[in-house]
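The values are calculated or read from the model by the stated rules, or taken from the named source; none is laboratory data. Quick caveat: nothing in here was measured; it's all calculated off a predicted structure. Cβ atoms come from the backbone with ideal geometry, glycine included; neighbour counts cover every protein chain shown. Please note that ligands, DNA and RNA were not included when accessible areas were found on the heavy atoms of the full protein model with its side chains. Shrake-Rupley method; radii C 1.70, N 1.55, O 1.52, S 1.80 Å.
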Amino acid sequence: MSTTSTPVKAERGVLTKKGLQADHPTWCPGCGDFAVLAAYYKTLEKLDLPQQNIVTLAGIGCSSRFPYFVNTHGGHFIHGRSLPFASGVSLGRDDLHVFVFGGDGDGFSIGGNHLDHAGRKNFNLTYVIMDNFVYGLTKKQTSPTSPQGFKSKTDPWGAFDRPTNPMRKILSSGATFVARTHATQIKHMMEMYERAAKHEGFSVIEVLSECVEFNKGSFDEAIPRKGGKFEIIDETEHDVSDMPAALALAEEQWPGRFGVYYEAKNEPTKNKLERDLIEASREKVGHKSDKALLAQTFASMR
Amino acid sequence: MPEDSSTQKAVREEHIRDAVIRLAGNSQDGIQSIGGFLARLAGRSAQEVMTYMTIPATISGGPSIFQVRMGTGEVLSAGDEADFLLAFYQHSYENHIGFLKEGGVLLYDSDHVEPDENDNRFVKVGVPISALTVEALGGSSREKGKNLFALGLLARIFKLDVAKLREIFKERFGSKAEDVLRNVNLAFDAGFSYPIDNVLDRYYNFQQEGEYEGPQQVTMDGNTALTLGLIAGGVRHGAGYPITPWSTIMEMLRQQLPKYNGVFVQAEDELAAAAMAIGFSYAGHLAVTGSSGPGISLKMESLGWATMAEIPLVVVNIQRGGPSTGLPTNVEQSDLLQAIYGSHGDCPRVVIAAQNVEDCFYSAREACEIARKYSVPVFVLSDMSLASRIEAFDEPDLEALMIEPTLDTEDRSADFKPYDLERITRHAPPGAWIEGGVFPQVTGLEHDESGHPSANPQMHAKMMRKRREKIQKLADELPASQIYGDEEGEVLVVGWGSTWGPIRETVIRERDRGRRVGHLQIRHLNPLPNDLGEIFARFEKILVVEMNDEGLYGQGQLATLLRARYCNPAIQSLCKTDGLTFKIKEIMRGVEAVSPSHAPSK
Ligand SMILES: Cc1ncc(C[n+]2csc(CCOP(=O)(O)OP(=O)(O)O)c2C)c(N)n1
Ligand code: SF4
Ligand SMILES: [Mg+2]
């Protein structure tokens with residue numbers, strides 16, 4: 001898995017695809033993750049954010065190799081904990097644009113609890129779950145989204161356990177922007193990324209990204225050129241602020257619909273609430289210096 | 001000894017150097033708060049003070065004690081035995097009479113306690129504390145206020161400074177409703193004016209060694225001192241999950257940090273807390289996470305990442321009895337090897353241990369300095385006994401000690417490498433522009449100098465050495481170890497963490513009886529100081545005292561490490577896991593066991 005290519009030098013203030021490219025991806029040829037990466041480059045170019053303020057983070061998995069392939073500040077953390085790690089980055093630094101990538105095992109299994117709490121807390125960051133319904137990096141074990149009957153190395157007779165419903169899980173986490181897209185639909189992916197990036201709060205996108213090695217053809221039913229149907233949510237009919245309607249979409253028959261399921265625009269972020277608390281606290285202590293404050297605490301213990 | 005008030009006796013005054021007072025009741029009686037008042041009073045006088053506190057493992061009610069040792073001069077340990085026992089209930093009397101010295105004073109609430117008539121080892125003084133408190137407060141508040149009545153009695157017996165006590169009440173209750181402070185004073189006055197000399201034939205008076213002229217003293221418990229040390233060390237960010245006895249630190253940080261432009265997050269679990277703290281640090285703000293017992297185990301994978309990715313971090317472990325949920329409200333020092341080795345892989349990091357309440361402040365602050373300087377996680381070990389024990393110590397000089405945090409997002413030059421093999425890692429946090437336009441990756445995979453994955457075995461060996469050598473460099477920079485007492489001789493008593501007080505007192509006593517004994521308390525446990533081998537060579541025996549199990553091979557955790565490093569069979573181990581701090585006599589017995597005294601004691 002070692003990588004050799006040297007990244008192309010980026011220029012300050014000019015965001016280009018070349019300047020965003022880093023190591024050549026180590027994914028298998030044909031892996032859906034390439035397209036997820038390409039759409040990320042393009043979205044960043046379009047958003048034209050200061051490159052040094054973009055942070056690309058991930059957990060562990062094939063999909064989580066992402067940061068090495070992007071020339072931004074990057075962090076490759078541990079399996080399942082990318083969200084709390086990224087939450088610290090986001091909460092510590094309001095000037096940063098934090099993007100997190102990872103797989104279905106990373107997000108729904110080992111890290112499942114963190115998704116619920118990042119949702120509750122509404123950290124300001126964007127989380128992309130590259131869902132391939134399988135454990136790719138560890139070579140084909142059952143994942144939390146593997147359908148029942150899926151033959152894996154841990155369930156050669158076909159998986160027994162009922163799969164997690166990804167959209168229902170994300171919606172119930174309290175995430176304030178929830179969308180679904182497909183790695184074969186670059187434009188749609190870009191649109192979802194852009195809206196997620198612009199959303200103030202915890203935005204989560206499920207991208208169906210095929211693992212050609214261990215789960216080939218799994219998403220064909222959503223690929224028109226393979227006879228499937230890529231049905232986009234019509235937002236003139238679906239009110240994105242309507243949670244019951246969003247949950248109803250999540251219950252639709254496979255392959256379901258794509259687009260924005262839910263968006264709560266005015267839910268305050270944890271970042272803002274903590275910032276307000278700091279401002280109120282600073283006000284209350286008369287904006288004293290840290291040293292004066294601590295000295296005052298010691299004086300009260302005399 | 002008289003306990004009968006019928007005959008009036010001449011009251012005598014005894015000058016004493018120090019006194020151990022044990023207050024025993026139920027937790028809802030406010031035992032802890034009178035203990036706190038006494039401790040603070042002693043801190044404001046010329047006296048030293050050390051307290052000992054047990055709280056029941058369950059939260060609602062239940063037996064509770066507070067022991068305060070006040071004295072002039074240095075008070076080193078909470079005291080093996082009490083000079084004075086105040087018992088509120090029959091169970092308080094029965095469970096604690098064994099801790100009272102022969103000839104000591106048993107003061108009891110005669111409304112609840114019936115002491116054994118045939119036991120004449122103590123001076124028994126019964127006062128109807130409950131009834132008199134109800135009377136003083138007009139009967140409205142049931143038995144609330146008993147603690148203050150008792151404090152009044154103690155103030156009378158020990159000739160405490162009443163004006164200073166009233167000041168402390170005012171600070172504590174002044175902001176509450178007016179009648180709260182009034183009731184406090186009423187209950188206190190009722191106790192203070194009780195004619196105790198009718199039943200007790202002596203007053204005590206602490207020997208005053210003239211007016212105190214040293215630095216201003218502050219009085220607080222270990223967890224508070226540790227929290228303030230983190231703030232002085234420039235920590236403004238952190239995350240944690242509640243667990244006793246770590247929780248009070250996270251509560252204080254949550255309440256204090258916003259005033260300092262910071263934030264502390266109560267995370268969903270310790271896995272998230274560690275990850276989030278690392279996120280803050282990666283973002284350029286040195287952060288803290290902490291826990292006790294099982295919570296520390298949950299953090300271990302993330303801590304391994306922080307060593308690998310070379311991220312500065314402070315990790316606090318307030319140790320308690322383990323394994324598993326173990327003895328959640330008892331003291332133990334059984335997490336040393338976990339702190340050093342508890343993550344998978346070869347994972348060097350720094351471990352320091354606070355030796356008393358004052359040192360909780362200094363250790364925490366030092367941990368912040370080391371974490372930044374070496375870009376590494378640093379464990380601060382404290383324990384249950386230090387967490388809630390109150391001590392008075394010299395107010396730290398913030399002019400010299402305060403570290404103001406800075407966020408360094410300056411541009412980095414084109415040759416910037418996050419994992420430069422020739423230098424100690426200094427990360428460029430996000431926001432920093434890199435002149436070459438190549439941004440760094442921070443990772444837990446083995447990597448090359450730029451942070452890109454490398455499975456090359458030579459690179460792994462080089463990076464492993466880089467991570468190890470910076471810790472060795474820290475060892476080179478540690479100050480020389482300080483020995484108390486004899487610099488060479490029969491026995492060197494070695495400890496770490498909160499055993500400092502009882503060991504020091506033991507060594508003083510041993511030397512008083514003519515033995516050539518020294519005390520070395522090791523604060524830096526990983527890396528160990530470089531001068532230990534040479535020090536050990538000067539003693540016939542090295543006795544390592546620690547509150548953990550002797551293990552499969554007969555040695556405690558520090559003793560195991562020291563034996564492994566120095567291969568010195570003179571290193572012997574004294575261990576225990578009874579959930580209580582060491583008594584002086586236990587350590588004296590240990591010294592005797594490894595080095596029998598030939599000369600009769602003086
Ligand atoms: C604590 C821990 N447990 C297990 C692993 C092994 N592991 C690495 S990736 C992975 C699952 C990857 O699946 P997914 O998250 O769906 O990502 P994908 O490879 O499919 O993109 C597992 C089990 C690990 N790295 N860490
Ligand atoms: S194993 Fe599957 S998920 Fe991993 S790179 Fe190959 S195709 Fe992609
Ligand atoms: Mg997967």
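Worth pointing out:
- Taken residue by residue and averaged, Cβ atoms of other chains lying within 10 Å of the Cβ of A:41-54 number 2.
- Dimensions in Å of the stretch B:369-417 - Rg and Dmax from alpha carbons: 17.6, 52
- In summary, the lysines within cross-link reach of A:LYS153, defined as a Cα separation below 25 angstrom excluding same-chain residues under 8 places away, comprise A:LYS139, A:LYS140, A:LYS216.
- Per-residue [θ]222 nm for the protein assembly as shown (sum of -39500 (n - 2.57) over DSSP H runs n ≥ 4, rounded to 500): -10000 deg cm²/dmol
- Shielding by partners for peptide A:284-291, expressed as the average number of C-beta atoms from other protein chains within 10 Å of each residue's C-beta, is 4.
- For chymotrypsin sites (Phe, Trp or Tyr not before Pro), the sites in the stretch B:494-596 that DSSP calls loop and that have at most 15 other Cβ atoms within 10 Å are B:TYR553.
- Alpha carbon convex hull of chain B, volume per residue in cubic angstrom: 171 Å³
- For the residues of B:251-264, the average number of beta carbons from a partner chain within 10 Å of their own beta carbon is 5.
- Cα extents of the stretch A:1-121 along the three principal axes, largest first (Å): 38, 36, 22
- Computed from the alpha carbon atoms alone, the convex hull of the stretch B:5-206 holds 122 Å³ per residue.
- In order through the stretch B:481-496: 3J(HN,Hα) via Karplus (6.51 cos²θ - 1.76 cosθ + 1.60), integer Hz, x for Gly, Pro: 5, 9, 9, 9, x, 6, 7, 8, x, 6, 9, 9, 8, 10, x, 8
- Protection-proxy order for peptides B:127-133, B:112-118, each taking the mean of Cβ atoms within 10 Å per residue, highest first: B:127-133, B:112-118
- Of A:LYS272/B:LYS373; A:LYS291/B:LYS299; A:LYS121/B:LYS299; B:LYS373/B:LYS466, those spanning more than 24 Å from alpha-carbon to alpha-carbon: A:LYS272/B:LYS373; A:LYS291/B:LYS299
- Highest average packing first - A:184-194, B:62-72, Cβ atoms within 10 Å: B:62-72, A:184-194
- Cα-based shape type of the stretch B:167-313, given that a ≥ b ≥ c are square roots of the gyration tensor eigenvalues and the cut on a/c is 1.5: prolate
- As an equivalent ellipsoid, the protein assembly as shown spans semi-axes of 59, 32, 24 angstrom, where each value is the square root of five times an eigenvalue of the C-alpha gyration tensor, largest first.
- Taking a sphere under 13 Å around the Cβ of B:ALA39 and counting the other residues whose Cβ falls inside, with K and R at +1 and D and E at -1, yields a net charge of +4.
- For the stretch B:483-594, the spread of Cα positions along the three principal axes, ordered from largest to smallest, is 33, 33, 23 Å.
- Couplings 3J(HN,Hα) of the stretch A:107-123, computed from phi: x, 9, 9, 5, x, x, 5, 5, 4, 4, 7, 5, x, 3, 8, 6, 5 Hz, in residue order, whole Hz [Karplus 6.51 cos²θ - 1.76 cosθ + 1.60, θ = phi - 60°; x for Gly and Pro].
- Listed peptides A:160-168, B:441-449 by packing density, highest first (mean Cβ within 10 Å): B:441-449, A:160-168
- Across the stretch B:30-40, rounded Karplus estimates of 3J(HN,Hα) from the backbone phi angles (6.51 cos²θ - 1.76 cosθ + 1.60, θ = phi - 60°) give x, 4, 4, 6, 5, x, x, 4, 4, 5, 5 Hz, Gly and Pro being marked x.
- The aspartates and glutamates within cross-link reach of B:LYS417, meaning a Cα-to-Cα straight distance under 20 Å and a gap of 8 or more places when in the same chain, are A:GLU11, A:ASP23, B:GLU310, B:ASP408, B:GLU435, B:GLU446, B:ASP448, B:GLU449, B:GLU469.
- Compactness of the stretch B:219-401 - radius of gyration and Dmax, Cα, Å: 14.6, 43
- Derived value for chain A: Kirkwood hydrodynamic radius 20.3 Å. Basis is the mean of 1/r over every pair of different alpha-carbon atoms.
- A DSSP coil position with no more than 13 other Cβ atoms inside 10 Å describes the following GluC sites (Glu not before Pro) in the stretch B:322-416: B:GLU410.
- Entry comment: accessible area of the stretch B:334-393 is 24 Å² per residue, from protein heavy atoms only and a probe of 1.4 Å.
- Most positive-pole-ward Cα, A:LEU273, A:PRO67, A:GLY105, against dipole of chain A from beta carbon charges: A:PRO67
- For B:PHE539, the residues whose modelled amide H falls within less than 5 Å of its own, excluding neighbours fewer than 5 places apart on the same chain, are B:GLY489.
- Sparsely packed loop sites in the stretch B:524-602 (the GluC sites (Glu not before Pro) outside DSSP H, G, I, E and B with at most 16 other Cβ atoms within 10 Å) do not occur.
- Rg over Rh [alpha-carbon atoms, Kirkwood Rh] for the stretch A:149-302: 1.22
- Environment charge of B:GLY489, counting only residues whose C-beta is closer than 13 Å and scoring Lys/Arg +1, Asp/Glu -1: -1
- Selection from B:THR248, B:GLY345, B:THR224, by position along the positive dipole direction of chain B (Cβ): B:GLY345
- Prolate/oblate/rounded call for the stretch B:408-477, Cα gyration tensor, a/c under 1.5 rounded: oblate
- Here the protein assembly as shown has 50 percent of its accessible surface on carbon and sulfur atoms, given a 1.4 Å probe and all protein chains in place.
- B:VAL438 long-range amide H proximity, modeled H, under 5 Å: A:ALA10
- Distance histogram in 5 Å bins (all Cα pairs of the stretch B:357-482, percent per bin): 2, 8, 14, 16, 16, 15, 10, 8, 6, 4, 1
- The local environment of A:TYR262, defined by Cβ-Cβ distances under 10 Å, has a net charge of -3 under the rule Lys, Arg +1 and Asp, Glu -1.
- Chain B - percent relative contact order, Cα under 8 Å, separation 6 or more: 12 percent
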